[in-house]
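The values are calculated or read from the model by the stated rules, or taken from the named source; none is laboratory data. Note that the structure is predicted; figures quoted are calculated from it, not measured. Methodologically, a virtual Cβ is constructed for each residue, glycine included, from the backbone with ideal geometry; neighbour enumeration extends over all protein chains shown.
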Amino acid sequence: MDGGAIAAGIPFFGTLDWDFIAENTPVFIEAAGVTLNISFWGIVFSLLLGLVCAMILELRIPVARQITLAYIEISRGTPLLIQLFLIFFGLPKLGIRWSPELSAIIGLTFLGGSYMCEAIRAGLESVGSIQYESAQVLGMGRLQTMRFIVIPQAISTSLPGIVANVIFLIKESSVVSGIALADLMYQAKDLIGMTYDTAETLLLLVITYAVILLPISIIGTILERRFDYARR
């Protein structure tokens with residue numbers, strides 16, 4: 001007995017058009033590639049930006065600290081969709097034009113950097129002062145202390161927050177359809193508009209996001225447990 005026949009025995013699934021689902025699964029697989037691509041680079045650059053911002057705040061670098069605090073407030077206080085509209089539709093007024101893919105990555109980085117900063121900053125603050133004092137006794141400078149002593153410990157402590165932010169950014173990537181990027185949400189809205197097969201399309205959308213996010217959540221949980229065990 002095939003999967004469609006089994007599902008047909010369940011009241012809700014029995015009403016679905018399984019031929020439509022099979023026909024459009026490749027469309028969602030291709031769209032998932034777009035979502036994963038922009039999410040991957042957005043997350044990588046968010047981590048780098050968050051780390052730099054967290055170090056600026058921790059080291060209390062003059063002027064840069066005030067700029068970083070202002071950036072965090074603006075980033076966290078405005079919706080990603082508005083940020084994307086400003087990047088994709090607003091900046092061309094100033095002669096700055098970027099592709100939808102690059103605009104999406106920049107938007108995710110701008111939003112994610114502030115969240116990553118807060119997660120990493122919490123990890124930095126969890127490192128005891130004795131770590132800094134021991135590094136000074138060994139003759140290490142502030143940057144050396146941060147690089148070799150503080151940051152490795154802070155990242156392990158910040159891991160749960162970082163994983164949560166990774167999942168958050170992948171889900172937030174759904175709004176990039178607003179700048180005509182053919183991601184999962186764009187394809188879902190397009191199919192619903194053309195076929196009116198809403199239930200089947202949303203089921204494909206949910207399953208695709210679950211396939212992407214569940215492994216990340218599981219891997220994050222495993223890494224968190226291993227880091228907890230290593231710190232004991």
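Overview of results
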quantity: Any helices (runs of 4 or more DSSP H) falling wholly within the range 37-139 and containing at least 2 residues that are under 16 Å from VAL150 (Cα atoms); calculated: 100-126, 129-137
quantity: Restricting the range 52-82 to residues that are among the polar types (S, T, N, Q) and surrounded by 16 or more Cβ atoms within 10 Å (Cβ to Cβ), the residue that is nearest to the chain's Cα centre (by Cα); calculated: SER75
quantity: Qualifying residue in the range 142-152 (condition: assigned to a helix (DSSP H, G or I) and within 30 Å of GLU23 (Cα to Cα)); calculated: no
quantity: Subset of the range 137-169 (residues that are of a type in the set (Val, Ile, Thr) and either touching a residue at least 40 places away in the same chain (Cβ under 8 Å) or under 14 Å from LEU51 (Cα atoms) (or both)); calculated: VAL150, ILE151, ILE155, THR157, ILE162, VAL163, VAL166, ILE167
quantity: Sole exception among (1) surrounded by 13 or more Cβ atoms within 10 Å (Cβ to Cβ); (2) at pLDDT 80 or above for GLY193, by number; calculated: (1)
quantity: Selected residue [of a type outside the set (Gly, Ala, Ser) and buried (at least 20 other Cβ atoms within 10 Å of the Cβ)] from LEU223, LEU143, LEU205; calculated: LEU205
